Protein chains: 2
Amino acid sequence: MELYLIRHGIAEAQQTGIKDEERELTKEGKQKTEKVALRILKLGLKFDLIVTSPLVRARQTAEILLAFGLSSQLEESNYLAPHGHIFNWLDYWLKPKNFPENAQIALVGHEPCLSNWAEILLWGEAKDSLVLKKAGMIGVKLPEIGLPVGRSQLFWLTPPKYLL
Amino acid sequence: MELYLIRHGIAEAQQTGIKDEERELTKEGKQKTEKVALRILKLGLKFDLIVTSPLVRARQTAEILLAFGLSSQLEESNYLAPHGHIFNWLDYWLKPKNFPENAQIALVGHEPCLSNWAEILLWGEAKDSLVLKKAGMIGVKLPEIGLPVGRSQLFWLTPPKYLL
């Protein structure tokens, strides 16, 4: 299985009166995310499922991916909200879903969760060694057999500027 | 400083009568590497210096990058040949050269050296967790101060297919 960990696009700044979970993508954030989605489509990539954090800026990012035809399925999961833990996510998503071996799943969420999760999958622990920009992406291949923690492989990591 | 670790393109198979170090890029290998070079150029990237392994397949790859205007300087180093060790390379290249802080250096070489070196820079040890395809690239940012081993960051890793 391949996981594509995608960080939400540029969102409006934190300010009094707006709850963090309700912050929306800015105009620039939407446009950049659309360009990234178009490029991913042109690269021939499709996701069997997009799972998004319930926060508005992530949900809007996931909806752009969906609108560009990158998947026909979108789900929301609290496990992808900030401060989520990868082990909860792995328990919840990998075991009961029984995805086919070669499934391509996109997870839209937040930093530092996503890059830390990738590191845990690759090396078993997180050291903040992966740079994941807004609207950027990390591609991780899980092993065919056995637990993925510390045994997965990184096949792609890109900032959005190289997808425009 | 940013290091761009670039694996040589597809080369002719090992066969009797050809020394490993003399194997050349195939026609497909040259074409793919040229497409990758063109895309890197369009992305606005330039290297202050390209250092290549002395093996023919690496040298030819580096010469393609040079021919596309990605750098005006090419050097050859035995430290980038197969079985080279990153500590030798770091000693030799980083200390005496005194590159400017923001230098962008491309290293053209071989697997598993390049991906292992990147892992050592990021996490201090290599676990074969990074996939570097032929004509693919890994981008590593070294810390501004202090030793880079275990303290660098990965900002880009791409297979050639996403650069065509």
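The values are calculated or read from the model by the stated rules, or taken from the named source; none is laboratory data. Values in this document were obtained by computation on a predicted structure and should not be read as measured data. Backbone-built Cβ (ideal geometry, glycine too); neighbour counts: all protein chains shown. All accessible areas refer to the heavy atoms of the entire protein, side chains included, with ligands and DNA or RNA removed. Shrake-Rupley method; radii C 1.70, N 1.55, O 1.52, S 1.80 Å.
Points to keep in mind about this one:
- FRET E, pair A:Tyr92, A:Asp128, Förster distance 25 Å, beta-carbon r, rounded to 0.05: 0.50
- Those GluC sites (Glu not before Pro) in the range B:49-158 that DSSP places in a loop and that have at most 14 other beta carbons within 10 Å: B:Glu101, B:Glu125, B:Glu144
- Interface burial for A against B (accessible surface, 1.4 Å probe, total of both chains, Å², rounded to 100): 2100 Å²
- Amide H contacts for B:Ala11 (H built 1.01 Å from N in the peptide plane; partners 5 or more residues away or on another chain; cut-off under 5 Å): B:Thr26.
- The relative contact order of chain B, computed from alpha carbon pairs under 8 Å that lie at least 6 residues apart in sequence, is 31 percent.
- Chain A comes nearest to the axis taking it onto chain B at the Cβ of one residue; that residue and its distance, in whole Å, are A:Leu157, 2.
- Where the protein assembly as shown is the region considered: accessible area per residue in Å², 1.4 Å probe: 46 Å²
- Ranked from shortest, the separations from the 7 Å Cα-to-Cβ label point of B:Leu41 to its equivalents in the other copies are 2.9 nm.
- Sorted shortest first, the distances from the A:Tyr92 label point to those of the same residue in the other copies are 5.1 nm; each point sits 7 Å from Cα along Cα-to-Cβ.
- Exceedance of the 26 Å cut-off in Cα-Cα distance is limited, within the set B:Lys42/B:Lys127; A:Lys35/A:Lys127; A:Lys134/B:Lys32; A:Lys141/B:Lys127; A:Lys42/B:Lys32, to B:Lys42/B:Lys127; A:Lys35/A:Lys127; A:Lys134/B:Lys32.
- Estimated at 0.36 nm per residue, the fully extended path between B:Asn78 and B:Glu34 surpasses their Cα-Cα distance by 13.4 nm.
- Column: log10 I(q)/I(0), Debye, Cα scatterers of chain B, q = 0.14, 0.17, 0.19 Å⁻¹: -0.66, -0.99, -1.25
- Relative to the Cα centre, the charge distribution of the range B:44-150, modelled as +1 at Lys and Arg Cβ and -1 at Asp and Glu Cβ, gives a dipole magnitude of about 240 debye.
- Calculated [222 nm] ellipticity per residue, helices only, for chain A: -8000 deg cm²/dmol; basis is -39500 (n - 2.57) per DSSP H run with n ≥ 4, divided by all residues, nearest 500.
- Candidates B:Lys32, B:Lys127, B:Lys19: whichever shows maximal mean-square fluctuation once chain B is modelled as a Gaussian network with Cα springs under 10 Å: B:Lys19
- Charge-dipole axis of the protein assembly as shown as Lys and Arg at +1 and Asp and Glu at -1 on Cβ define it, positive-most pick from B:His85, B:Pro148, A:Phe155: A:Phe155
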